[in-house]
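K.L.:
Please find one structure pasted underneath; my questions will follow.
The values are calculated or read from the model by the stated rules, or taken from the named source; none is laboratory data. It should be emphasised that the depicted structure is a prediction, and the values quoted were computed from it without experimental measurement. Note that we place each Cβ from the backbone using ideal geometry, even for glycine, and neighbour counts take in every protein chain shown. Surface accessibility is based on the protein's heavy atoms, side chains included, excluding ligands, DNA and RNA. Shrake-Rupley method; radii C 1.70, N 1.55, O 1.52, S 1.80 Å.
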Amino acid sequence: MQEYGLNRSAPVQNTKVTVIIPVYNAEKYLDECLKSVLSQSLSAIEVICVDDGSADDSRAILYSYAVKDSRLRVCVQKNAGAASARNIGIAEAQGQYIAFMDADDFYPSRDVLEKLYTAAEVNGALVCGGCFSSLEGGKIITEYPPDLFGYVFRKSGFMRFADYQFDYGFHRFLYRTDFLRAKKLFFPDYARFQDPPFLAQTLSAAETFYALKDVTYVYRVGHKSVQWNEKKVLGLIRGIRDNLQLSADRGYAKLYALNWNRLNSKYYTKIILSQAQKPGNGQIAKELAALQSCANAALLGEQSGRVPLNRPLQSLLDGWIAQDKKLYDEGWFIHRRIFRLYTWPLRAFGRMCRRRRERKSK
């Protein structure tokens, strides 16, 4: 079991909101983040900061704030990722509601938590959220392209998730603590893309949420880049798989197409394919093949005509053919039985595609 230490300061009486902040080597922006949270006009809050094995001065900054403000609690764990850190926060939270903050982000105004809390309480909402914004090159962005349609609410009021069907920007929402625990809504333990499945599962379980047209979060962009590896790509594929499965189970056609198109466009060429072609990363190919073979053409609707169901696999095969020498050097083709065992998902998918073409030609 993961060991962690917690500064168990006396909680604020009748704590209304717990803000959970995973912290990993965030010393550059952590001070601004904590000030934006602790200066909120809603004072009956607690702030659980989970230091995820930072190697810089992040932990010292956290302890300096904890000494000055008893509302801040510090948890320390060995590096296990943001999902683990947030799940610890959910388990430890004493507030009526939970909010999530990243250590390099901040709230756009002092009354964000008060607005979210008041709206949730007055309307009896299990989840309440506002609009997203991003800080890019010193400028706050509040308008987004069509594929990020869910970042902005044009009016305040209840929304059905069946109508909304969007899964990005979980930070801008407030969640009832007892609801998350009762429904066992935690973050999947993926190295990347663990928050879209969390938000989709949570909003789907709530069925409706209260939307505010106010901006409730500022996401900092451009100061760091993701170093992709096999573990992170597998997390990405599995997170998309979770959303596709949820969409298929609940009939969320818009959410299904949104995630399918991400897989086949935004994430595919530069991330998934580049990692899958590296020697030893065969697990990526297997999971991608399994995901492609389960494509739901009915939910994709018109999208299926523009996004060939087998394009990623075909590109993957083309990439492997171009790297014959590396494949042989790895010894993947030396033994026929090993080769067949390794490539069975690709061959099975190829047979499925052939059968589909044959049925269409009849």
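K.L.:
Scan region 96-153 residue by residue and report those that are more than 17 Å from Gln40 (Cα to Cα), hydroxyl-bearing (Ser, Thr, Tyr) and surrounded by 18 or more Cβ atoms within 10 Å (Cβ to Cβ).
P.N.:
Hits for region 96-153 are Ser133, Ser134, Tyr151.
K.L.:
Now for a separate question. Can you name the helices (runs of 4 or more DSSP H) wholly within region 23-136 that have at least 3 residues being touching a strand residue (DSSP E or B) at 6+ places or on another chain (Cβ under 8 Å) and under 21 Å from Phe170 (Cβ atoms)? It would help to see each step written out before you state the result.
P.N.:
Details: elements: 27-38, 58-68, 82-92, 112-123.
Of the helices (runs of 4 or more DSSP H) lying wholly inside region 23-136, those with at least 3 residues that are touching a strand residue (DSSP E or B) at 6+ places or on another chain (Cβ under 8 Å) and under 21 Å from Phe170 (Cβ atoms) span 27-38, 82-92, 112-123.
K.L.:
Just to verify a result, which residue in region 247-276, among those that are among the hydroxyl-bearing types (Ser, Thr, Tyr) and under 16 Å from Gln227 (Cα atoms), is least open to solvent (accessible area, probe 1.4 Å)? Steps first, answer last, please.
P.N.:
Initially, region 247-276 is screened for residues among the hydroxyl-bearing types (Ser, Thr, Tyr), giving 247, 252, 256, 265, 267-269, 274.
From what is left, the residues that are under 16 Å from Gln227 (Cα atoms) are 267-269, 274.
Numbers: Tyr267: 26, Tyr268: 2, Thr269: 83, Ser274: 47 Å².
In this case the residue turns out to be Tyr268.
K.L.:
Related question: Going by the structure shown, is Arg160 surrounded by fewer than 16 Cβ atoms within 10 Å (Cβ to Cβ) and over 24 Å from Phe106 (Cα atoms)?
P.N.:
Values: surrounded by fewer than 16 Cβ atoms within 10 Å (Cβ to Cβ): yes; over 24 Å from Phe106 (Cα atoms): yes.
Taking the combined requirement at face value, the residue satisfies it.
K.L.:
Okay, moving on. Output the residues belonging to region 41-85 that are open to solvent by 10 Å² or more (accessible area, probe 1.4 Å) and among the basic types (Lys, Arg).
P.N.:
The answer is Arg59, Lys68, Arg71, Lys78.
K.L.:
Identify, by number, the condition in (1) modelled with pLDDT under 95; (2) of a type outside the set (Ser, Thr, Tyr); (3) crowded, with 23+ Cβ neighbours inside 10 Å that Asn7 doesn't meet.
P.N.:
So Asn7 meets the others, but not (3).
K.L.:
Can you find, within region 193-205, the residue that is nearest to Arg172 (Cα to Cα) among those that are open to solvent by 10 Å² or more (accessible area, probe 1.4 Å) and outside any loop (DSSP other than H, G, I, E, B)?
P.N.:
Per the stated criteria, the residue is Asp195.
K.L.:
Is it the case that Leu341 is of a type in the set (A, V, I, L, M, F, W, C) and either surrounded by 13 or more Cβ atoms within 10 Å (Cβ to Cβ) or at pLDDT 75 or above (or both)? It would help to see each step written out before you state the result.
P.N.:
Values: of a type in the set (A, V, I, L, M, F, W, C): yes; either surrounded by 13 or more Cβ atoms within 10 Å (Cβ to Cβ) or at pLDDT 75 or above (or both): no.
No: the conditions fail for Leu341.
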